[in-house]
1. Taking the stated definitions as given, is Tyr16 in a strand (DSSP E or B), of a type in the set (Ser, Thr, Tyr) and closer than 29 Å to Thr222 by Cα?
2. Which residues, taken from region 224-253, are touching a strand residue (DSSP E or B) at 6+ places or on another chain (Cβ under 6 Å) and crowded, with 18+ Cβ neighbours inside 10 Å?
3. Being at negative phi and of a type in the set (S, T, N, Q) is the filter here; which residues of region 114-155 pass it?
4. Do the conditions hold for Gly221, that is, is it open to solvent by 50 Å² or more (accessible area, probe 1.4 Å), assigned to a loop (DSSP other than H, G, I, E, B), within 23 Å of Leu25 (Cα to Cα) and of a type in the set (Gly, Ala, Ser)?
5. Does His125 satisfy being touching a Gly at 6+ places or on another chain (Cβ under 7 Å) and closer than 23 Å to Tyr206 by Cα?
6. Identify, from the list Met89, Met54, the residue that is open to solvent by less than 20 Å² (accessible area, probe 1.4 Å), modelled with pLDDT of 95 or more and under 19 Å from the mean Cα position of the chain (by Cα).
7. If Arg134 passes every condition in (1) within 25 Å of Ser210 (Cβ to Cβ); (2) modelled with pLDDT under 95 but one, which one does it miss?
Amino acid sequence: VTSVQDVHSDNLLTTYREMAKAGKLKTRIYECIGLAEWEKNPSVGTPAATGDAMVRGGCVKWFSDGTAEQGAELGERIAKADKSGLQVMVHAIGVRSNKNTIAAFGFAASKNGKRDRRFRIEHTHNIASRDIARLSPLSIVASMQPALFYRDNDVGDDLSYIFRSGAKVAFGSDASMIDIDPLPGIYAAVNSGKKSISVESAVRAYTLGSAYAEFQELEKGTISVGKLADLVILSDDIFTMSLVGIRNVKVVTTIMDGKIVFRSECRRNDRSGCKN
């Protein structure tokens with residue numbers, strides 16, 4: 001892991017910046033604050049995706065409970081934050097919660113006019129097929145966590161359909177609910193029967209997709225000339241090996257800003273005595 005998007009409803013920007021200044025940060029951080037906190041004190045908010053290469057802010061997070069009562073006010077609250085230039089993300093699980101969130105995003109976009117706002121739905125879990133079709137036209141990012149909902153060889157959501165819809169997708173882990181390791185998420189995304197996507201699509205969602213979700217696709221997300229030198233080396237080639245074998249793959253080396261920040265003693269096809 002070379003970048004983290006902290007979407008807890010807290011405000012740790014000052015702490016993270018102090019850590020970066022002291023040379024203690026080993027990963028880049030995009031830090032979000034709670035929508036309610038911003039409403040109480042708008043001065044804590046910064047325009048979307050502002051900061052330096054190590055610590056950036058500009059996003060607010062809220063929750064959709066799926067009730068009709070909340071649905072009526074959600075659009076107005078989101079519109080107010082959006083008008084201030086913030087990136088807004090909403091936690092939504094379930095048909096009604098996703099429906100209300102999409103409606104609120106649509107209302108805010110219509111009220112405030114066209115701009116590159118990149119609204120995000122955190123989880124986008126159990127979303128109705130008819131609402132999946134609304135994601136791309138509204139430029140909503142589906143921020144999903146394949147391993148979080150993976151049970152009995154089923155990722156829970158039809159990732160194949162979501163990707164075919166043309167929606168922007170970013171994968172993550174939902175740490176600390178589960179381990180932050182992206183590899184179990186890649187495994188879940190490609191081992192879910194007809195709901196599966198390709199390894200290439202899963203990796204892209206974890207890398208370039210997540211970079212896009214925080215307005216950084218021109219800075220990171222691919223290994224390209226001119227981009228940040230952030231990458232990992234794996235114990236096996238996940239693009240050519242058997243899909244079920246991905247569950248055993250380990251990170252051998254992590255490089256952030258061209259510097260090695262993690263090295264494991266794991267070797268290819270030998271994970272019996274791996275030590276970090």
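1. For Tyr16, the condition - in a strand (DSSP E or B), of a type in the set (Ser, Thr, Tyr) and closer than 29 Å to Thr222 by Cα - is not met.
2. Asp230, Ser235, Val249, Val251, Val252
3. Ser129, Ser136, Ser143, Gln145
4. Taking the combined requirement at face value, the residue does not satisfy it.
5. Answer is yes for this residue.
6. Unique residue meeting the criteria: Met89.
7. Result: Arg134 passes all but (2).
Listed here are the residues, each with its yes/no results for (1) in a loop (DSSP other than H, G, I, E, B); (2) closer than 23 Å to Ala205 by Cβ; (3) open to solvent by less than 40 Å² (accessible area, probe 1.4 Å).
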position	(1), (2), (3)
Val1	yes, yes, no
Ala20	no, no, yes
Gly23	yes, no, no
Ala79	no, no, yes
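The values are calculated or read from the model by the stated rules, or taken from the named source; none is laboratory data. Since we're looking at a predicted model, the values are computed, not measured. Positions of Cβ are generated from backbone atoms using ideal geometry, with glycine treated the same way; all protein chains shown enter the neighbour counts. Surface accessibility is based on the protein's heavy atoms, side chains included, excluding ligands, DNA and RNA. Shrake-Rupley method; radii C 1.70, N 1.55, O 1.52, S 1.80 Å.
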